[in-house]
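Structure record follows, encoded as structure tokens.
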């Protein structure tokens, strides 16, 4: 059995997993779940236990199709997270910020045949646009989440959320050991994707 198998099996079931190994953000860790299988409960779990910004990771092709461009297209003005303009579903939401509204917006964005006119901006879902080379080009949770979902056969988009400790500092994997055990979360270091490429 591949060491990726527990994570891929969890993603196939639409579960939340924990990603480590982002080399661009000083050891920050993220929750991750397939965007195609997101639910209000999963958004609420991330908001409650992750506390970071809940983001939708997209391929550059999907972002282009949806009319989402990088907020800062020049690399010298980018952070280590390639944010696109925030989005909201054009229909079917109220204030947009509830777990149900955010889940709805994500499902609209990743639906087959989704178009730019299905979304409005600004909104309460924050897209992150991956580089086309995946983790081979950029070893981050953005590319890693898409690569994992692709391998699991659950689409090419994910929902991720940075994890903070109770004191507001960014969590490390040892900080959430009880949470991982209590919820049976699979943990994956995205560097495995690079080592198993090809």
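Among the residues of segment 70-107, count how many are at pLDDT below 95 and surrounded by fewer than 13 Cβ atoms within 10 Å (Cβ to Cβ).
Here the count works out to 7.
Please specify each residue of segment 11-68 satisfying the condition of being under 11 Å from the mean Cα position of the chain (by Cα), within 17 Å of residue 184 (Cβ to Cβ) and part of a loop (DSSP other than H, G, I, E, B).
Correct list: 16 only.
Pull up segment 129-142, narrow it to residues that are outside any loop (DSSP other than H, G, I, E, B) and out of contact with any strand residue (DSSP E or B) (no Cβ under 8 Å at 6 or more places or on another chain), then point me to the one that is nearest to residue 26 (Cα to Cα).
This residue is 135.
Just one of 131, 150, 165 is in contact with a helix residue (DSSP H, G or I) (Cβ under 7 Å, 6 or more places away or on another chain), under 28 Å from residue 104 (Cα atoms) and without any contact (Cβ under 8 Å) to a residue 24 or more places away in the chain; which is it?
165 is the lone residue from the list that is in contact with a helix residue (DSSP H, G or I) (Cβ under 7 Å, 6 or more places away or on another chain), under 28 Å from residue 104 (Cα atoms) and without any contact (Cβ under 8 Å) to a residue 24 or more places away in the chain.
Among the candidates 162, 121, single out the residue that is touching a strand residue (DSSP E or B) at 6+ places or on another chain (Cβ under 9 Å), surrounded by fewer than 18 Cβ atoms within 10 Å (Cβ to Cβ), at pLDDT 95 or above and closer than 30 Å to residue 92 by Cβ.
Answer to the check: 121.
How many of the residues making up segment 104-128 are assigned to a strand (DSSP E or B), closer than 16 Å to residue 43 by Cα and touching a helix residue (DSSP H, G or I) at 6+ places or on another chain (Cβ under 8 Å)?
Selection size over segment 104-128: 4.
Checking residue 29 against (1) modelled with pLDDT under 95; (2) touching a strand residue (DSSP E or B) at 6+ places or on another chain (Cβ under 7 Å), only one condition comes out false. Which one?
(1)
Can you tell me which residue among 35, 62 is at pLDDT 95 or above and farther than 30 Å from residue 182 by Cα?
Going through 35, 62 in turn, the sole match is 62.
The values are calculated or read from the model by the stated rules, or taken from the named source; none is laboratory data. Note that the coordinates shown come from a computational prediction; the quantities given were computed from them, not determined experimentally. We place every Cβ from the backbone using ideal geometry, glycine too, and count neighbours over all the protein chains shown.
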